[in-house]
Amino acid sequence: MVNGWEETGMDIQSRAERSIQRQQEDQQDAVEDRAEEVQDSFENAMEDWEENDQTFEDEVVAAQENAHEQAEAAGIPEDVEALGNDIGAQFEAWGSMRRVAPVQSLSSQDKRSVQRLLNKLERQIDGVLATI
């Protein structure tokens, strides 16, 4: 009877070891399969990102080209050049004006007032140039 139990115990142990081995192999296969899925998912995400990045770049370049074409069609570059020439001519005219009256020193109050007016004029000119 003891021999029968021993054989039964050995049989159970043998089957258990095979079952444990199969379970370990199945777990290893599952880990490898999941690792492949994660790798595939990452590679697909990178491909999508690169494709989206290229699409974005293409759209930005197309928008820039379109804006440039519209500006040229509207004559904006010529208007900018004409305005620049006009401003340059005006400054040249101002620079070549002769002084009619003797120069008088400005008080510090007058200097601040003139400086504020010049700053305001500069902001207005910058605002006009920014819209062109």
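The values are calculated or read from the model by the stated rules, or taken from the named source; none is laboratory data. As the structure is a computational prediction, the values presented were derived from the model and not from experiment. Using ideal geometry, Cβ is built from the backbone for each residue, glycine included, and neighbour counts are taken over all protein chains shown.
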**Request:** Run D58 past the list (1) modelled with pLDDT under 95; (2) assigned to a helix (DSSP H, G or I) and report the number of the one that doesn't hold.
**Result:** (1)
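Every residue, every condition in (1) in a helix (DSSP H, G or I); (2) modelled with pLDDT of 85 or more, yes or no:
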| position | (1), (2) |
| --- | --- |
| I87 | yes, yes |
| F91 | yes, no |
| R98 | no, no |
| S105 | no, no |
| V114 | yes, no |
| K120 | yes, yes |
| R123 | yes, yes |
| V128 | yes, no |
**Prompt:** If a residue has to be surrounded by 11 or more Cβ atoms within 10 Å (Cβ to Cβ) and under 17 Å from L121 (Cβ atoms) to count, how many in the range 75-93 make the cut?
**Reply:** 3
**Message:** For the range 12-27, check the following and say yes or no: at least one residue is surrounded by fewer than 10 Cβ atoms within 10 Å (Cβ to Cβ) and in a helix (DSSP H, G or I).
**Reply:** no
